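Read-outs throughout are calculated quantities, based only on the coordinates presented, and are distinct from any laboratory measurement. Not measured: the values here are computed from a predicted model. When we count neighbours, we look across all protein chains shown, and the Cβ atoms used for this are built from the backbone with ideal geometry, even at glycine.
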Amino acid sequence: MPAYNAIAFLFDLCLSAGIVFLVYKLIGKSLRELLDKVIRIPEGTTFYLRALSVILLCVALSKVLTGVHQKPDAQFMEYVWAVAGDISGVLENLFGTLLAYVAIVTVLVVVLRPKNEQ
C-alpha cells in the first residue's frame, strides 16, 4: 500500500502547483501593469513578479513535500482527507503570503507613485 501514499503525494503536488499557477494567472497581469506604472523599470517589474512566483511556489510546496503517510490498511477516504488537509494548509499559507505581498506592494506604490497623481 505504499503506492497509495505516493499517488496521494502526487495529487498533493499537482493540486498545490495548480493552485499556485491559478493564483499567479489571476493576479499576474494586473500586478505587472501596476508595477510598470509605479516602478518604470522593466527589470524591477520582472524581479517582483518572479519573486512572487518563487515565493508562492515555495510556500505551497513546503506544505506538501513531507508527503502523505497513511497506514497500510488505510481506506481510500483516509487518503482523500489527508490530501484535503494538506491542500487546506497550502491555501492558508498562500493567503498569508499574498497578504504580506500585497502590503509590501501597497507601501511600494504609495512611496513611488508620481507626485502629480496625488
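Which angle from 0 to 90°, rounded to the nearest 10, does the C-alpha axis of helix 76-112 make with the longest principal axis of the chain?
10 degrees
What nm distance separates the two modelled labels at residue 21 and residue 103, each placed 7 Å from Cα along Cα→Cβ?
Using points 7 Å along Cα→Cβ, the separation is 3.1 nm.
Against the 2.2 N^0.38 Å scaling, with N counting residues, where does the chain land? I'd like the Cα-based Rg ratio to two decimal places.
1.38
Normalised by the number of residues in the range 2-113, what is the relative contact order in percent for Cα pairs under 8 Å and 6+ residues apart?
Relative CO of the range 2-113 lands at 40 percent.
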